[in-house]
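Chemist: Quick one: structure below, then a few questions.
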């Protein structure tokens, strides 16, 4: 038996028109299917289904007993909610997929990962906790489905991680997720970027100090260039002194 009961009715007709009429009457269309079973169109009260999922710790993995009027072959069947379709704006339930389970055979499901504790790298070093994986894929008997998988992060320091392979699973639960996937880690906070000065500061000029030669604004010293004799030119002779003059 399941943990909750839900009354459903078999639908004789299908299609969009029937779906609109059902919703107008306060019910929604749904489908019942299972391993080796032909799909059966049904309808249900969405308020009852929402109440079951909201009050159960197992959430979508809640085992539900079906009460089907007019179909004795479906009475007492145990189902899981496999998929829900909601209105994109209002969030109201539009359709539900119910999967019949055999309590004696294993089933593949997803269970949420719940982080427990405060990481030491967060409390002592100001690190940031990064949870990369929020659900775990497992296989087990329907009665052995855990409500959640707890992961204790208290000992994590900056740069350390917990992977799927590090998780402790209940007895009878088989792991299906990749064991090398990171579940949660502590990362260092982003370093604060200090902008550099837009321009380098110019050293002030000392008052009264003469500007260096060749510096901007200083007059260039004119160099007198001595005339250079042409190569091979004759050397001028001195005129002889006149006697008595």
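Chemist: Only one residue in 59, 127 is in the same structural domain as residue 157 (by TED's automatic domain parsing), surrounded by 12 or more Cβ atoms within 10 Å (Cβ to Cβ) and closer than 29 Å to residue 164 by Cα. Which one?
Modeler: After ruling out the rest, the residue left standing is 127.
Chemist: Residues to consider are 50, 83, 38, 12; find the one that is outside the structural domain of residue 138 (by TED's automatic domain parsing), in contact with a strand residue (DSSP E or B) (Cβ under 6 Å, 6 or more places away or on another chain), at negative phi and exposed (fewer than 14 other Cβ atoms within 10 Å of the Cβ).
Modeler: Checking each option against the conditions leaves just 83.
Chemist: Determine whether region 122-129 contains at least one residue that is part of a loop (DSSP other than H, G, I, E, B) and either over 31 Å from the mean Cα position of the chain (by Cα) or closer than 30 Å to residue 171 by Cβ (or both).
Modeler: Taking every residue of region 122-129 in turn, none turns out to be part of a loop (DSSP other than H, G, I, E, B) and either over 31 Å from the mean Cα position of the chain (by Cα) or closer than 30 Å to residue 171 by Cβ (or both).
Chemist: In region 156-176, how many residues are buried (at least 17 other Cβ atoms within 10 Å of the Cβ) and either modelled with pLDDT under 95 or touching a helix residue (DSSP H, G or I) at 6+ places or on another chain (Cβ under 7 Å) (or both)?
Modeler: Number satisfying all stated conditions: 3.
Chemist: Only one of (1) outside any strand (DSSP E or B); (2) closer than 30 Å to residue 128 by Cβ is not met by residue 114, so which one is it?
Modeler: All conditions pass for residue 114, except number (1).
Chemist: Another question, if that's okay. From the list 12, 38, pick out the single residue that is over 16 Å from residue 85 (Cβ atoms) and in a loop (DSSP other than H, G, I, E, B).
Modeler: 12
Chemist: Please specify each residue of region 163-182 satisfying the condition of being under 20 Å from residue 108 (Cα atoms) and either assigned to a strand (DSSP E or B) or not assigned by TED's automatic domain parsing to the domain that holds residue 114 (or both).
Modeler: 174, 175
Chemist: In addition: In region 15-35, which residues are in contact (Cβ under 8 Å) with a residue 12 or more places away in the chain and surrounded by fewer than 14 Cβ atoms within 10 Å (Cβ to Cβ)?
Modeler: 26, 35
The values are calculated or read from the model by the stated rules, or taken from the named source; none is laboratory data. No experiment lies behind these values; they were computed from the predicted model shown. Because the Cβ atoms are built from the backbone with ideal geometry, glycine has one as well, and the counts that use them run over all protein chains shown.
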